[in-house]
Structures are given as C-alpha cells and as structure tokens.
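The values are calculated or read from the model by the stated rules, or taken from the named source; none is laboratory data. As the structure is a computational prediction, the values presented were derived from the model and not from experiment. Note that we place each Cβ from the backbone using ideal geometry, even for glycine, and neighbour counts take in every protein chain shown.
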Amino acid sequence: MKLSRKEFLKLSFAGGAGLFLPFGVSGCGGLTAGNNSAQGSAGALLKSAARLPEPFTIPLPIPPVLEPVHTDASAEYYEITQKVGRTEILPGLKTEVWGYDGIFPGPTIESRRGRQSVIRHRNELPVPTVVHLHGGKTPPEHDGYPTDVVMPVGSREAGHGNHGEHAELNVIGEGTFDYKYPLDQAAASLWYHDHRMDFTGPQVYKGLAGFHLIRDDEEEALGLPAGERDVPLMICDRAFTEDGSFDYPSLDPSLKGEPGVEGEYMSGVLGDCILVNGAPWPVLEVTNTLYRFRLLNASNARRYRLALDPPPREGASFVQIGSDGGLLAKPVNHNKIEIAQAERFDVIIDFSIYPVGTEVTLINELGVGSTAKVMRFVVAREGTEESRISPKLADLRPLSRSEATVEREFRFVRGGAKMDGMTLWTVNGEPFDPDRIDANPQLGAVELWKIRGLNLEHPIHIHLASFQVLTSGGGNGDAGPYNQGWKDTVSLASGGEAELLIKFDGYRGKYVFHCHNLEHEDMMMMANFEVV
Ligand code: C2O
Ligand code: CU
C-alpha cells in the first residue's frame with residue numbers, strides 16, 4: 001500500500017468495474033487462504049513462539065474503575081493517558097502494551113444514564129490515535145471518526161502519519177482531546193477502543209480497549225447480582241513472540257508508515273492464546289450464588305461459541321439479561337452463546353446448581369486445542385444469595401417492519417477494488433472513502449437495512465444508531481437466538497444475511513458503519529451514513 005488513499009482511489013476508479021476481480025484470483029492466493037472456517041472465524045492463525053502458561057493457573061484480573069478528577073452538576077470529568085506500559089501477561093515475560101493509562105484492558109469507566117462523561121485523553125503513544133465509544137450515542141465530533149485523530153504529545157512536526165494521507169487527517173487534538181459523551185441512553189455494557197484510520201487492528205491488538213458501563217435506576221431496581229458478582233469479561237486472542245511481545249503481522253510494525261498486514265492475514269489475525277481481562281485462560285473463584293458476567297468479544301477476528309463444562313444438571317447454562325444496547329425485555333436461556341467480535345452478552349450464571357468444589361470451565365466450541373478453552377470458575381465456597389433474576393427486565397418496544405420508511409441493501413464482500421495486488425474488503429463493491437456518503441437517513445427515522453456477507457463471516461457494526469434484528473441467517477424468518485434486544489453489532493455468517501430495523505436517533509452528522517473484523521475494517525470494509 002504505497003499509494004496515498006487519494007491516489008489509490010483515483011487509480012482504482014479510473015478502471016471502473018474492470019478492476020473487480022473474481023474471487024480466488026486475488027494477489028494473496030485466493031479467497032480461501034486465511035479462512036479459518038474450521039474455527040468459525042475468518043482469518044489465519046498466528047502461533048505463539050513464547051511458552052504459554054498452563055490454563056486456569058492465573059487469577060482473573062478485574063480492570064480498575066476510573067475515578068473522576070472532578071464532578072459538577074451534570075458531568076463527571078476523567079483523564080486517561082494513552083501510553084506504553086510493560087506488564088506480565090505470560091509468567092516470567094514482559095509484554096509491551098499500548099494502553100489507556102498504560103494498562104490492558106484499560107480502566108473501566110462507570111457512568112450514570114443522562115450524566116455526561118467528559119474524558120480527556122492524552123496521547124503519549126508514538127502514533128496518532130482515535131477513541132470510539134462503541135455503543136455510545138455520541139455527537140459526531142466526539143464519536144471517534146477514523147480520520148479525527150489526536151496527535152501524540154509534542155509531535156506536530158515529528159512526521160507522524162507519514163503514510164501519504166496525513167493531509168486528509170483531521171487533527172482534533174494536539175496531544176489531548178476532551179471526548180464528551182452525553183450518555184443519554186439505557187444502562188448497558190459499552191466499550192471504548194482505538195479507531196485510527198487504517199490502523200485499528202494493530203492498535204487494539206496492542207491493548208487500546210476498555211469497558212465503559214452505563215448504570216441507571218431502572219436496572220438497579222431489578223436486584224441483579226452486583227458488586228463483586230457483577231464481572232466484566234473482555235475475551236480476546238493474542239499471539240506472542242518468544243520474548244513475550246504481542247505478535248501481529250503488520251507490514252510496518254512501527255505503525256507510522258505503510259498500513260496493512262502480510263497477505264496471508266488479510267482475512268483476519270487469529271491468536272492461539274485466549275486472554276480474559278488481559279490474562280491467559282484465567283481462573284475465578286466464585287461463591288455458589290448468581291453472578292452477572294458482561295461478556296465482550298474484543299478479538300480482532302475470532303468469534304466464539306461459549307459453553308460451560310460441565311453444564312448445570314438442571315436449568316440453562318446462561319440466562320441472558322442484556323445485549324449490546326442494554327437489558328432485554330425478559331431473560332432468555334441459552335446453553336451456548338455465539339459471540340462475534342464487538343458483541344456483548346450480559347448473562348447470569350447460577351453457580352448454586354454446582355456442588356461447592358466444582359470446577360466449571362468456560363469453553364469455546366469453535367476453538368481447537370488452546371483456543372477451545374477460555375477460563376475457569378471454581379465454586380469455592382457457600383455464599384448468601386442477595387440477588388435474583390426478575391422475569392421482567394426492561395420496557396422494550398419491538399419495532400415492526402411497517403415502521404421502516406426507507407429500505408437499503410449492503411453487501412459485505414471481498415472484491416471491487418485492489419491495492420498492491422491485494423483484493424480489498426468492500427461494502428457494495430466500494431472501499432472506504434471518507435468523502436462518500438452511502439445513506440442519508442432522516443433524524444428519528446426507522447430504516448430497514450438488508451445486509452449480506454457474501455464470502456466470509458463478517459460482524460457488522462453501526463455507529464450511533466441501534467437496531468433490532470428482524471431476521472437473520474435466512475430461513476426460519478426470525479432474529480435467531482443470539483440477536484435479542486437492541487444491538488449495535490450483528491454477526492453475518494458466511495453467505496448469511498440479516499434484516500435490521502435501525503432507529504436513527506440522537507444526532508445529525510456523519511458516522512461510519514463497518515465490519516468489526518478489524519483486519520477487514522482496516523482494509524476498507526467501511527462506509528459512511530449521514531443523519532440529516
Ligand atoms: Cu467498535 Cu467502529 O467500532
Ligand atoms: Cu468482515
């Protein structure tokens with residue numbers, strides 16, 4: 001990718017449709033290269049050279065909750081420094097992370113519904129960064145548009161972003177920027193992560209991700225598990241080099257020059273080590289009571305089918321109470337949970353069904369060998385039950401097809417544009433162009449989007465606007481078991497399709513929607529809509 005984005009776009013469109021190459025004749029050895037479908041994920045496996053620990057030996061870390069630096073009548077003010085940190089992820093080795101406050105995961109932010117959070121991000125990393133609050137209803141200037149960069153402290157002339165497109169970057173902060181989040185939205189498990197144009201995959205992989213939870217009175221009145229029994233679980237996969245560094249196949253590992261990954265990883269980077277809250281296959285001691293787990297798949301390319309081993313003798317393994325956008329109308333039972341990148345499942349596990357002393361392993365049925373295990377719970381002692389699962393959770397009005405005023409179709413495919421011999425990932429055959437708007441929904445409107453993934457699995461994420469899945473998978477005509485409630489990300493299986501009812505609420509302006517396989521996103525599977 002030696003061309004600037006502008007030059008590249010000119011070249012590819014000069015040839016028009018003639019540049020569309022049939023699948024299988026791309027410069028990277030064809031469509032199936034790197035499709036690790038056996039593991040249910042698009043991508044190629046990177047194997048660690050470092051020695052990985054025995055699973056279930058390291059205690060589950062809980063990211064610290066960030067304290068505001070001050071508070072006024074309507075807002076909490078926070079400060080986060082994005083910087084390099086060194087941490088022991090693998091026993092006896094140090095891993096360099098690029099983290100919020102230098103840690104991975106970053107600190108958890110906890111906000112109240114309707115109270116603004118203002119977060120001053122200071123960039124002490126060597127590259128430009130962008131912060132996106134995933135799931136947030138945020139005005140466009142604060143949403144982390146991929147070219148709205150915060151430059152490193154003191155680096156104006158330091159030649160950052162010298163990959164030819166610097167001129168097109170919109171520098172919103174020189175060293176720092178105050179991201180303002182109104183958070184006028186229901187209690188939910190959001191997360192924040194880097195979103196820098198062309199470099200989101202490597203920058204998230206290096207550690208730029210954290211939880212942002214919204215709480216509200218309605219949820220607190222339900223008596224769900226709280227305190228130590230309300231546990232965020234950020235699941236992701238990584239590979240490590242021999243000295244314990246994160247291994248990622250960037251073309252330019254400094255992330256200052258050429259973007260992109262080595263050809264065979266074009267479909268996604270899969271690691272062989274599963275981390276939960278930054279620890280490899282950790283273990284958590286629990287009491288024999290209800291626990292709430294906020295599951296987040298923060299992997300670049302890996303998807304999971306989670307199950308408990310052993311499953312409970314009676315009842316469901318997981319009682320789902322919430323999805324991406326907050327609480328469901330009522331609890332939904334699952335014995336397995338399929339979770340794609342960026343999706344959240346808020347679930348209750350009832351450990352009272354297991355005798356004290358039982359080891360319960362959270363497994364990944366889509367994994368093989370080391371990636372088939374996620375973490376372990378040990379039912380260590382008796383506990384007093386203080387919580388319950390109420391049969392009615394949130395007031396959630398299902399949208400109906402007849403409310404949609406506009407219908408649109410988007411295909412997520414590989415093809416339609418090439419760069420340096422690589423067939424890119426595209427939306428309706430077009431690579432991302434910050435200047436092209438593909439949809440102009442009206443503020444307040446409901447639209448029906450029919451989306452389809454033609455050749456591989458793609459988790460599709462829409463900024464700002466949450467949606468309800470009307471149908472998915474094609475076939476039985478419903479949303480499927482894993483698409484309950486308000487969503488911001490929906491998983492498309494290979495060849496799969498979904499119909500979404502999207503409510504364009506909140507703010508006018510330009511936002512992105514994209515594939516959340518981060519390698520697909522960086523390789524241009526992204527487009528714009530502008531709420532008018
Ligand atoms: Cu989780 Cu556009 O991102
Ligand atoms: Cu994709």
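Things to note:
- For the stretch 478-489, the criterion of being within 17 Å of residue 512 (Cβ to Cβ), within 16 Å of ligand 1 (Cβ to nearest atom), aromatic (Phe, Trp, Tyr) and crowded, with 21+ Cβ neighbours inside 10 Å is satisfied by no residue at all.
- Complete set of residues in the stretch 503-532 that are more than 15 Å from ligand 1 (Cβ to nearest atom) and surrounded by 21 or more Cβ atoms within 10 Å (Cβ to Cβ): 504, 506, 531
- The set of residues from the stretch 354-379 being surrounded by fewer than 17 Cβ atoms within 10 Å (Cβ to Cβ) and either farther than 13 Å from residue 307 by Cβ or not assigned by TED's automatic domain parsing to the domain that holds residue 295 (or both) comprises 355, 356, 357, 358, 359, 368, 369.
- Within the stretch 210-228, the set of residues being buried (at least 21 other Cβ atoms within 10 Å of the Cβ) and farther than 25 Å from residue 116 by Cα comprises just one member, 225.
- Criterion violated by residue 439 - all others in (1) away from ligand 1 (no atom under 16 Å from the Cβ); (2) surrounded by fewer than 22 Cβ atoms within 10 Å (Cβ to Cβ); (3) at pLDDT 90 or above satisfied: (1)
For every residue, the table says whether it meets (1) in contact with a strand residue (DSSP E or B) (Cβ under 6 Å, 6 or more places away or on another chain); (2) within 12 Å of ligand 2 (Cβ to nearest atom).
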position: 433; (1), (2): no, no
position: 441; (1), (2): yes, no
position: 460; (1), (2): yes, yes
position: 470; (1), (2): yes, no
position: 477; (1), (2): yes, no
position: 498; (1), (2): yes, no
position: 510; (1), (2): yes, no
position: 528; (1), (2): yes, no
